Amino acid sequence: MLSPDSLGLPEDATLRPPRPAPGAAAPLFGLRGHEAAVNAAAFAPGAKLLASGDAAGVVHIWELRSRRRLATLPDAHAGEAVLALGWLGGGGVGGGLRLATQGRDGYVRVWDAEASLGDAAAQPLLALETGAQHFCRMLLSGAAAAGAEQGGDAGVGVRPA
C-alpha cells in the first residue's frame, strides 16, 4: 500500500494526485465499459466511431456524438489481450466499415463493424494466424486491405508495423 512512510516522507505528509501541467488539455468526457485495461483504440474514418480493445480480449465500438457503446465483441481474441485495432472502408455506419483486430492469441481478425452492431455473437469475416504473440502492431498492406474490404482472403498478408 502506498503511504507517506513507504515513500520516506514525514508521517503528517498528505499524498495527492499530481496536478496537470499548466495549459495541459483536460479530457472532454470518458467512455466507461471495459473491465480490463484498454490496450488499443482507433478512430474510424470521419472520427464518428471509436473502437477500443482491452487486456481481456473485449472490443467495444463507440458512437462519439452520443457517447454510447454501439457494439461489443465480448470474445474477439479468446480471452487474450487486444494489441492493435485498425479500420478499413467507409467513413461511418452505412459506409461498409470493417474493423481489424490483432490479439495476443496470435490472430488478426477482420469484422464487419455494421453487422456486429447489436450482435454479441458476431463472427469475424476473416481470421489470419500470424503467430505474433508479442506487442507488435499489425499493418495490412494495400492488397491485403483491398481483399479484406471485399470479404476475401486471397493475397492477404500481415506483417508487423
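Numerical summary
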quantity	calculated
All positions within the range 51-75 that are among the hydrophobic types (A, V, I, L, M, F, W, C) and in contact (Cβ under 8 Å) with a residue 40 or more places away in the chain	Ala51, Val59, Ile61, Leu70, Ala71, Leu73
Scan of the range 90-103 for residues that are modelled with pLDDT of 90 or more and not β-branched (Val, Ile, Thr), ordered by number	Leu99, Ala100, Gln102, Gly103
Any hit, the range 53-71, residues being hydroxyl-bearing (Ser, Thr, Tyr) and open to solvent by less than 40 Å² (accessible area, probe 1.4 Å)	no
Residue in the range 4-17 that is modelled with pLDDT under 90, in a loop (DSSP other than H, G, I, E, B) and among the basic types (Lys, Arg) present	yes
Qualifying positions in the range 25-41 - among the hydrophobic types (A, V, I, L, M, F, W, C), modelled with pLDDT of 90 or more and either open to solvent by 20 Å² or more (accessible area, probe 1.4 Å) or closer than 14 Å to Arg69 by Cα (or both)	Ala36, Ala37, Val38, Ala41
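The values are calculated or read from the model by the stated rules, or taken from the named source; none is laboratory data. These numbers come from a predicted model, not from an experiment. Glycine also receives a Cβ, built like all others from the backbone with ideal geometry; neighbour counts cover every protein chain displayed. Ligands, DNA and RNA are stripped out before the accessible areas are found, and what is left, the full protein with its side chains, is counted by its heavy atoms. Shrake-Rupley method; radii C 1.70, N 1.55, O 1.52, S 1.80 Å.
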